[in-house]
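The values are calculated or read from the model by the stated rules, or taken from the named source; none is laboratory data. From a predicted model like this one, the values you see are computed outputs, not experimental measurements. Positions of Cβ are generated from backbone atoms using ideal geometry, with glycine treated the same way; all protein chains shown enter the neighbour counts.
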Amino acid sequence: MTVPFLLFFICAFLAVLGAVLLIVAWEPIHSALALILVMMSLAVLYLLLGAEFIAAVQIIVYAGAIMVLFVFVIMLLNAGIEERTNWSQFAKVVGLPMGFFLLLATAHFLSRSAVGASIANGTGAVSNAGVSTRALSIALFRQYLFPFEATSILILIALLGALILARKDN
Amino acid sequence: MEFITQHPVLVVSLVKIAVLLFIVMTGLAYLTWFERKVVAHIQSRWGPYYVGAHGLLQPLADGVKFLFKEDMTPPTSDKLLYILAPFLALALALTAIALIPFGPPTIRVLGQPVFMISNLDIGLLFLFAITSIGVYGVALAGWSSNSKYPLLGGLRSSAQMISYEVSLTLSVVGVLLIAGTLNFNDIISGQTGYYLHFIPRWHVIPQLVGFLCYITAAIAETNRIPFDLPEAETELVAGFHTEYSSFKFAMFFMAEYANMITVSCLATILFFGGWLSPFPDSWTWQLYLPGAGLLLLGAYCAYDTVVNMRGLAKLQFMVVTMLCVGGGVITLIPAVAAVIRGPFWFTTKVIAFLFFYVWTRGTLPRFRYDQLMNFGWKLLLPVSLANLVITSFVMILPYLLRHG
């Protein structure tokens, strides 16, 4: 029982808890906060995997920028308590068993993989050789330069599209 | 004893955290005194004067007052978030300080560096991660109070922080390009050396534009005048903390001052050489500067005690005089002087920045909301972007010249 091993389970639990709270919460702002909890726990999981840069970027971009925008919009619209419908019958009958089956299947295949074995041994899925920011950026800007640039152009197009849609006609 | 030698990292870290927390808390308290004094003198007033000599015990009195005030919670508020908000604000503000190196890593006890708690490879990114979620304290306080003015304050704060965070981050990238690392210690060590043998090689010289962008965005990020729209008292009563009283209000106050300290530390590290001395090593007299400064302060206090002070204040000031003279004599010992040299320069620079903060507060009027947004998006962002592009161009110029 090492510290990273414990941390993994604490953060995994918090991530799942946040995801459930996100759906169950009545106030939109509580849902937003639950989502932040999920993202922060994921950041810690990345840290445990030795991906420092990804962890920091996860917090800066998702928790620090996108979710602030979410909270801002919720506050601006002063969104009240959600109206509830009777839950979808289809989801009840088919969704729950399917979800449970998916969970079991994932657990089954994970337990046979190397990651699962290392968790079971108590060493946790911790790689000691952390990926340095330098190595990451070299991979990103040499090996994967084209997909990287293509993605950024795609995001730019989406941004401009939103701007044009939101603009008032003169 | 055996435990200490077996777990040096744990023990030393805990001791460092306790000491740093004590120093920062005291520093926060006296920063309020410093601010009130400086602003008072800018406005031709005396500032706090009656609680202790020169109002030196005023922070203590304020703290006691905050502790004993009634702690009210508005009945219509969202209880959980209302209580969570001030804790979040203060905890995040104090966490950020744990990343700051106050002195060179070469000075060690039990093999652990004394003047820093953590030495992360992604120090700067992690600091930005912490400051970027700091906005939730303010935004949630505004929302959970369930009242009009706090909500407006919280809204303004989120909008302002999103807008200025972009410029804040971009203005720093120029320094990162020159330093080539995110580690604070490496960024500082990269600034050793001198132009013309006496002008320090600090990043502020090639990155002057970046520094100006940084300091403007930093004042906006910490919600200080002239960017204090989230709590503009003439428009929003007290903004996001209108409904807070007692120690919860004090926590927001402390978080704001802790953020000021963090931002000043970051400016010192990135642009002003951190714990490096501004003078070349060959000027050996600089080792005696802290001692000489303390002795001068002691001499002034002695003069003040004899000439101006009356009654109890005289006794208090005598103690201050003795502390200054004693500290001065101890720091004149060469071994001690060599150890405190780094922290001395670091603190001096940070105090200079804090003075700048207070000075701006004393002189500038508040922005209007549209001016704030225009300034952030239409001036600060393009300038910091241009700075980034020009810096990267200059950085690859030698490479381009060599390879055609």
Inset, instruction - Residues being at pLDDT below 80 and buried (at least 17 other Cβ atoms within 10 Å of the Cβ): count how many of those fall in region B:273-288. - result: 2
Legend entry - Conditions (1) more than 14 Å from every other protein chain (Cβ to nearest Cβ); (2) part of a helix (DSSP H, G or I); (3) in contact with a Pro (Cβ under 9 Å, 6 or more places away or on another chain): number failed by B:Gly154: (1)
Inset, instruction - Would you check if there is a residue in region B:114-134 being farther than 30 Å from B:Ile188 by Cα, within 10 Å of another protein chain (Cβ to nearest Cβ) and buried (at least 21 other Cβ atoms within 10 Å of the Cβ)? - result: no
Inset, instruction - Identify the residue in region B:337-375 that is among the β-branched types (Val, Ile, Thr) and surrounded by 14 or more Cβ atoms within 10 Å (Cβ to Cβ) and, among all such residues, is farthest from the chain's Cα centre (by Cα). - result: B:Val339
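A quick yes/no check of all residues on (1) among the acidic types (Asp, Glu); (2) in contact with a Leu (Cβ under 7 Å, 6 or more places away or on another chain); (3) over 13 Å from B:Tyr357 (Cβ atoms); (4) modelled with pLDDT under 90:
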| site | (1), (2), (3), (4) |
| --- | --- |
| B:Glu221 | yes, yes, no, yes |
| B:Ile225 | no, yes, no, yes |
| B:Pro230 | no, no, yes, yes |
| B:Glu235 | yes, no, yes, yes |
| B:His241 | no, no, yes, yes |
| B:Ala250 | no, no, yes, yes |
| B:Met254 | no, yes, yes, yes |
Inset, instruction - Scan region B:377-397 and report the pairs whose first residue is in contact (Cβ under 8 Å) with a residue 60 or more places away in the chain and whose second residue is outside any helix (DSSP H, G or I), with Cβ atoms within less than 8 Å and a gap of 6+ or a chain change. - result: B:Asn387/B:Gln207; B:Thr391/B:Pro206; B:Thr391/B:Gln207
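Every residue, every condition in (1) closer than 27 Å to B:Leu99 by Cβ; (2) buried (at least 17 other Cβ atoms within 10 Å of the Cβ); (3) touching a Phe, Trp or Tyr at 6+ places or on another chain (Cβ under 7 Å); (4) in the same structural domain as B:Arg201 (by TED's automatic domain parsing), yes or no:
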| residue | (1), (2), (3), (4) |
| --- | --- |
| B:Glu243 | no, yes, no, yes |
| B:Thr268 | yes, yes, yes, yes |
| B:Pro290 | yes, yes, yes, no |
| B:Met322 | no, no, no, no |
Inset, instruction - Please enumerate the residues belonging to region B:54-82 that are within 14 Å of chain A (Cβ to nearest Cβ) and exposed (fewer than 15 other Cβ atoms within 10 Å of the Cβ). - result: B:Thr76, B:Lys79, B:Leu80
Legend entry - Hits in region B:37-53 (condition: without any contact (Cβ under 8 Å) to a residue 60 or more places away in the chain and over 16 Å from B:Ala352 (Cα atoms)): B:Ala40, B:His41, B:Ser44, B:Arg45, B:Trp46, B:Gly47, B:Pro48, B:Tyr49, B:Tyr50, B:Val51
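Check region B:102-110 and report whether any residue there is within 13 Å of chain A (Cβ to nearest Cβ), buried (at least 18 other Cβ atoms within 10 Å of the Cβ) and modelled with pLDDT of 80 or more.
No, region B:102-110 has no match at all.
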Legend entry - Candidates B:Leu276, B:Leu287, filtered to the one that is of a type in the set (A, V, I, L, M, F, W, C) and under 22 Å from B:Leu208 (Cβ atoms): B:Leu276
Legend entry - Residue count, region A:36-54 (criterion: more than 8 Å from chain B (Cβ to nearest Cβ), more than 10 Å from the chain's Cα centre (by Cα) and part of a helix (DSSP H, G or I)): 6
Inset, instruction - Would you point out the residue of region B:183-201, among those that are out of contact with any His (no Cβ under 9 Å at 6 or more places or on another chain) and crowded, with 23+ Cβ neighbours inside 10 Å, that is farthest from the other protein chains (Cβ to nearest Cβ)? - result: B:Ile188
Inset, instruction - Could you list, in sequence order, all residues of region A:24-35 that are part of a helix (DSSP H, G or I) and either modelled with pLDDT of 85 or more or within 11 Å of chain B (Cβ to nearest Cβ) (or both)? - result: A:Pro28, A:Ile29, A:His30, A:Ser31, A:Ala32, A:Leu33, A:Ala34, A:Leu35
Inset, instruction - Answer with yes or no whether B:Val138 is crowded, with 17+ Cβ neighbours inside 10 Å, out of contact with any helix residue (DSSP H, G or I) (no Cβ under 7 Å at 6 or more places or on another chain) and not acidic (Asp, Glu). - result: no
Inset, instruction - Spot the failing condition for A:Gly95; the list is (1) surrounded by 12 or more Cβ atoms within 10 Å (Cβ to Cβ); (2) within 11 Å of chain B (Cβ to nearest Cβ); (3) over 12 Å from the mean Cα position of the chain (by Cα); (4) not β-branched (Val, Ile, Thr), and only one is missed. - result: (2)
Inset, instruction - Considering every residue within region B:264-273, establish whether at least one is outside any helix (DSSP H, G or I) and in contact (Cβ under 8 Å) with a residue 24 or more places away in the chain. - result: yes
Inset, instruction - Read through the list (1) surrounded by 13 or more Cβ atoms within 10 Å (Cβ to Cβ); (2) more than 10 Å from chain B (Cβ to nearest Cβ), then give the number of the only condition that A:Ala63 fails. - result: (2)
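Can you confirm whether region B:133-148 contains a residue that is assigned to a helix (DSSP H, G or I), under 21 Å from the mean Cα position of the chain (by Cα) and more than 18 Å from A:Ala65 (Cα to Cα)?
Narrowing region B:133-148 to residues assigned to a helix (DSSP H, G or I): B:133, B:135-144, B:148.
Checking the rest, the ones that are also under 21 Å from the mean Cα position of the chain (by Cα) come to B:133, B:135-138.
Keeping just the survivors that are more than 18 Å from A:Ala65 (Cα to Cα) gives none.
Within region B:133-148 (the criterion being assigned to a helix (DSSP H, G or I), under 21 Å from the mean Cα position of the chain (by Cα) and more than 18 Å from A:Ala65 (Cα to Cα)), the answer is no, since none of the residues qualifies.
For (1) more than 22 Å from B:Asn387 (Cα to Cα); (2) of a type in the set (S, T, N, Q); (3) part of a helix (DSSP H, G or I), each residue gets a yes or a no:
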| position | (1), (2), (3) |
| --- | --- |
| B:Leu168 | no, no, yes |
| B:Gly174 | no, no, yes |
| B:Gln191 | no, yes, no |
| B:Gly210 | no, no, yes |
| B:Ala220 | no, no, yes |
| B:Ile225 | yes, no, no |
| B:Glu243 | yes, no, no |
